[in-house]
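Working notes, beginning with the structure itself.
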Amino acid sequence: METEKKILEEYVGWLKLKGRSSETIKHHLVDLKYVRKYLNKSFLEASHSDLVKALIKLKEERGLVDNSMARKIATVRSFYKFLVEMEYIDRNPAERIETPKRNVKIPIVLSEKEVRRLLNVADNVRDKTLIAVFIYTGARLKEVLNLTWSDIDFENKTIKLKGKGGKERIIPLHPKLEEILIEYRKMQQEFFVFSISKRRIQQIISKLGEKIGVKTHPHMLRHTFATTLLRKGVDLRTIQVLLGHSKLDTTQIYLTVSDIRKKEAISKLKF
């Protein structure tokens, strides 16, 4: 802590040399104080993943809007630029942190309690299964529409999702989801798991959300899946693979994230 105090004092001097006003410097120190509160290690030891998690916790627990977050992210970037210039660290973990677009509303996610309520208010097996598939796989709406029974491997405990551009990914089958699917399979013998339209799925999720007093939609469940895993300590790379995000390094990520790590990630879901 003494080292960090000394570094922050040097940072203030660095900002003054760059002509920053006393008010701006004050804001920087306050922002860094809040970010540090949610970091599980020192500024010098923090990785990109650590910083992102801290910023997400800060946003959620203090209910900050995008404009406030944009300023805090700018502060973090500035501070880590200083740390690199002063050779306190070799690489800048804040360099790739994306700043939210100002005045753009970030999707709200459900709490674990709300997810459990959503599953409980489903008054038929199909609707409960529908919610469970979204929340235990992080699937996109189109992926759920394309899901067939042959994509579900009960023997090896996996689900194959067909994503954008025909890309496929394998998701470990959560025990709770497996239980729900087995029950649903007894009454659904068609080729597709859900032989209903895109619009009907949206209506079902919306109406179930109304029952618990929360406005819900399919992509909100996908965000909830990812956010819940992040809160449980799952690393960003594993979450990225589970979501099937299309990036330049997608292939490399698929090679480096093991099935064991993916299974450990899915097992953290306790809805």
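The values are calculated or read from the model by the stated rules, or taken from the named source; none is laboratory data. Just so you know, these numbers come straight off a predicted model, no measurement behind them. Every residue, glycine among them, receives a Cβ derived from its backbone with ideal geometry; neighbour counts consider all protein chains shown. Calculation scope for accessible area: heavy atoms of the full protein, side chains included, ligands and nucleic acids excluded. Shrake-Rupley method; radii C 1.70, N 1.55, O 1.52, S 1.80 Å.
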Exercise for review: Take the residues in region 214-269 that are assigned to a loop (DSSP other than H, G, I, E, B), open to solvent by 70 Å² or more (accessible area, probe 1.4 Å) and in contact with a helix residue (DSSP H, G or I) (Cβ under 7 Å, 6 or more places away or on another chain), then tell me which one is modelled with the lowest pLDDT.
Suggested key: SER246
Check your understanding: Applying the selection to region 61-75, what residues are among the acidic types (Asp, Glu) and more than 19 Å from ARG231 (Cα to Cα)?
Key -> ASP66
Practice item. For region 98-111, state whether one or more residues are surrounded by fewer than 17 Cβ atoms within 10 Å (Cβ to Cβ) and in a helix (DSSP H, G or I). Key: no
Review point. Taking interchain pairs and intrachain pairs at least six residues apart, which have beta carbon atoms under 9 angstrom, with the first residue in region 12-39 and under 18 Å from ALA94 (Cα atoms) and the second open to solvent by 100 Å² or more (accessible area, probe 1.4 Å) and assigned to a helix (DSSP H, G or I)?
Key: TYR34/ARG62; TYR38/GLU61
Review point. Just to be sure, is GLN202 touching a residue at least 24 places away in the same chain (Cβ under 8 Å), in a loop (DSSP other than H, G, I, E, B), over 23 Å from LYS268 (Cβ atoms) and not hydrophobic (A, V, I, L, M, F, W, C)?
Key: no
Point to revise | ALA139 surrounded by 16 or more Cβ atoms within 10 Å (Cβ to Cβ), assigned to a helix (DSSP H, G or I) and within 18 Å of the chain's Cα centre (by Cα) | key: no
Review point. So which residues in region 45-56 are in a helix (DSSP H, G or I) and in contact (Cβ under 8 Å) with a residue 24 or more places away in the chain?
Key: HIS48, SER49, ASP50, LEU51, VAL52, LYS53, LEU55, ILE56
Check your understanding: Filtering region 151-176 down to residues that are out of contact with any strand residue (DSSP E or B) (no Cβ under 8 Å at 6 or more places or on another chain) and of a type in the set (Lys, Arg), which residue is most open to solvent (accessible area, probe 1.4 Å)?
Key -> LYS164
Review point. Any chance region 160-167 includes a residue that's under 25 Å from LEU110 (Cβ atoms), at pLDDT below 95 and part of a loop (DSSP other than H, G, I, E, B)?
Key: yes
Review point. Among (1) exposed (fewer than 12 other Cβ atoms within 10 Å of the Cβ); (2) of a type in the set (Ser, Thr, Tyr); (3) in contact with a strand residue (DSSP E or B) (Cβ under 7 Å, 6 or more places away or on another chain), which single condition is THR148 missing?
Key: (1)
Exercise for review: Return a yes/no flag: does region 160-169 have any residue that is without any contact (Cβ under 8 Å) to a residue 24 or more places away in the chain and either touching a helix residue (DSSP H, G or I) at 6+ places or on another chain (Cβ under 8 Å) or aliphatic (A, V, I, L, M) (or both).
Suggested key: yes
